[in-house]
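Quick one: the structure is below, and I'll ask about it shortly.
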Amino acid sequence: RALGCRDGAAATHLKFISLFVIFFTSVIGITTPVLLARYFQGKPVYDKAILIIKCFAAGVILSTSLVHVLPDAFAALSDFQVASRHPWKDFPFAGLVTLIGALLALFVDLTASSHVEHGHKPSGDYLPVGTHDVTVGKKVGNTNSDLSNEELVKLKQRLVSQVLEIGIIFHSVIIGVTMGMSQNQCTIRPLVAALAFHQIFEGMGLGGCIAQAGFRMGTVAYMCLMFSATTPMGILLGMMVFSVTGYDDSSPNALIMEGILGSLSSGILIYMALVDLIAADFFHNKLMGTHTWLKKGSFIALALGSTSMSILAIWA
């Protein structure tokens, strides 16, 4: 069966079909929340709808990192070809690199947040308030600070969207390259279907964040295009690498690279999902405090997002 599966011509044919399928499903996934947000903008339901979409998205991203990316990274680095060599057999490197990814995301977050706050700090006396809604602090004796606080929240949301896109793109390239280098048509066929759904859900996650961040139209279009084109570009890159080098996707060096990059992107995505999406929305959002039903609805959306992505792990 294994020999029957390794058919280069059939695998290449499937990969070319997958380029178009994955690109179009990515476009559908990422543009849906953006277009819905534009349609609902200014209506009373707008903020609540965006919040529920973001919570669904957070579940998708958390599940992607814990159920899809991290187990694959661990599997790659614990493969007998890698695990029998130094230094890979001496230490759980997949866990270490995931930790580095999470700390790296925190470092980027802290650096960019402090830069944003110093650049947009309004004058006046401040009392520190540890919430996302009031990013720098509550202004004493002056109500003009509301606009500045709103601007800071918007800037923070833009930063979250950009760091999240970097994490997702990183992991999409790895998926694409791995698939592009594979010559096994039996694994590629179910992977195309699973990746199509994967891109729809992940695109909805990123699209929800982009919609809330209020970017200019050109920036939104660029971010949507980057997300949609990354996995197909990864597949083409993988195909080119294989055609030029005949590189075996199961060689120790390929497994090490896949394991390290997978662990790193997993750490970034775990941090983004838990800290910048779930914690920010559930604990620091005014709407959650004023509407009990919204908190319940958001949690259900989070659980549905996690479940939908976890189910896809059966196929890919």
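Any residue in the range 81-103 that is farther than 23 Å from I210 by Cα, touching a His at 6+ places or on another chain (Cβ under 9 Å) and in contact (Cβ under 8 Å) with a residue 60 or more places away in the chain?
no
Looking at the range 261-294, which of the residues that are assigned to a helix (DSSP H, G or I), farther than 30 Å from V97 by Cβ and touching a Leu at 6+ places or on another chain (Cβ under 9 Å) is modelled with the highest pLDDT?
Within the range 261-294, the subset assigned to a helix (DSSP H, G or I) is 261-283, 286-290, 292-294.
With the extra rule that they be farther than 30 Å from V97 by Cβ, the set shrinks to 286-290, 292-294.
Filter once more, so that each one left must be touching a Leu at 6+ places or on another chain (Cβ under 9 Å): 287-288, 294.
Values: L287: 79, M288: 80, L294: 90.
Here the residue is L294.
Can I ask one more? Which residue is modelled with the lowest pLDDT, if the candidates are limited to the range 141-164 and must be within 17 Å of T111 (Cβ to Cβ) and among the charged types (D, E, K, R)?
Only one residue tops the list, namely K156.
A follow-up question, please. Condition first: on the phi < 0 side of the Ramachandran plot, in contact (Cβ under 8 Å) with a residue 24 or more places away in the chain, open to solvent by less than 30 Å² (accessible area, probe 1.4 Å) and not basic (K, R). Can you find one or more residues in the range 41-48 that meet it? Reasoning before the result, please.
Filtering the range 41-48 for residues on the phi < 0 side of the Ramachandran plot gives 41, 43-48.
Those still in the list that are in contact (Cβ under 8 Å) with a residue 24 or more places away in the chain too: 47-48.
Now drop any that are not open to solvent by less than 30 Å² (accessible area, probe 1.4 Å), which leaves none.
No, the range 41-48 has no match at all.
Show the residue pairs meeting these rules: Cβ distance below 6 Å; 6+ apart or different chains; first residue within the range 4-15 and open to solvent by less than 50 Å² (accessible area, probe 1.4 Å); second residue modelled with pLDDT of 85 or more.
K15/I235
Which of the residues spanning the range 280-316 are β-branched (V, I, T) and either under 17 Å from the mean Cα position of the chain (by Cα) or within 28 Å of K154 (Cα to Cα) (or both)?
Step one: list which residues in the range 280-316 are β-branched (V, I, T), which gives 290, 292, 300, 307, 311, 314.
Of everything in the range 280-316, those that are β-branched (V, I, T) and either under 17 Å from the mean Cα position of the chain (by Cα) or within 28 Å of K154 (Cα to Cα) (or both) turn out to be T290, T292, I300, T307.
Another one. Can K54 be described as modelled with pLDDT under 85 and not aromatic (F, W, Y)?
yes
Which numbered condition trips up K54, out of (1) basic (K, R); (2) under 17 Å from the mean Cα position of the chain (by Cα); (3) open to solvent by 30 Å² or more (accessible area, probe 1.4 Å)?
Condition not satisfied by K54: (3).
Sticking with this one: Looking at the range 59-106 only, could you name the residues that are surrounded by fewer than 16 Cβ atoms within 10 Å (Cβ to Cβ) and either over 27 Å from D276 (Cβ atoms) or of a type in the set (D, E) (or both)?
Scanning the range 59-106 gives A75, F80, Q81, A83, S84, R85, H86, P87, K89, D90, F91.
Per-residue answers, yes or no, for (1) of a type in the set (S, T, N, Q); (2) open to solvent by less than 50 Å² (accessible area, probe 1.4 Å); (3) part of a helix (DSSP H, G or I):
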| site | (1), (2), (3) |
| --- | --- |
| G205 | no, yes, yes |
| G218 | no, no, yes |
| P232 | no, yes, yes |
| M240 | no, no, yes |
| V244 | no, no, yes |
| N253 | yes, no, yes |
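Could I ask something else about it? Of the residues K295, K286, which single one is surrounded by fewer than 16 Cβ atoms within 10 Å (Cβ to Cβ) and charged (D, E, K, R)?
On the way: K295 fails: surrounded by fewer than 16 Cβ atoms within 10 Å (Cβ to Cβ).
Among K295, K286, only K286 is surrounded by fewer than 16 Cβ atoms within 10 Å (Cβ to Cβ) and charged (D, E, K, R).
The values are calculated or read from the model by the stated rules, or taken from the named source; none is laboratory data. Small disclaimer: the values here were computed from a predicted structure and weren't measured. Here Cβ is always computed from backbone atoms with ideal geometry, including for glycine, and neighbour counts include all displayed protein chains. Keep in mind that these areas ignore ligands, DNA and RNA; they rest on the heavy atoms of the full protein, side chains included. Shrake-Rupley method; radii C 1.70, N 1.55, O 1.52, S 1.80 Å.
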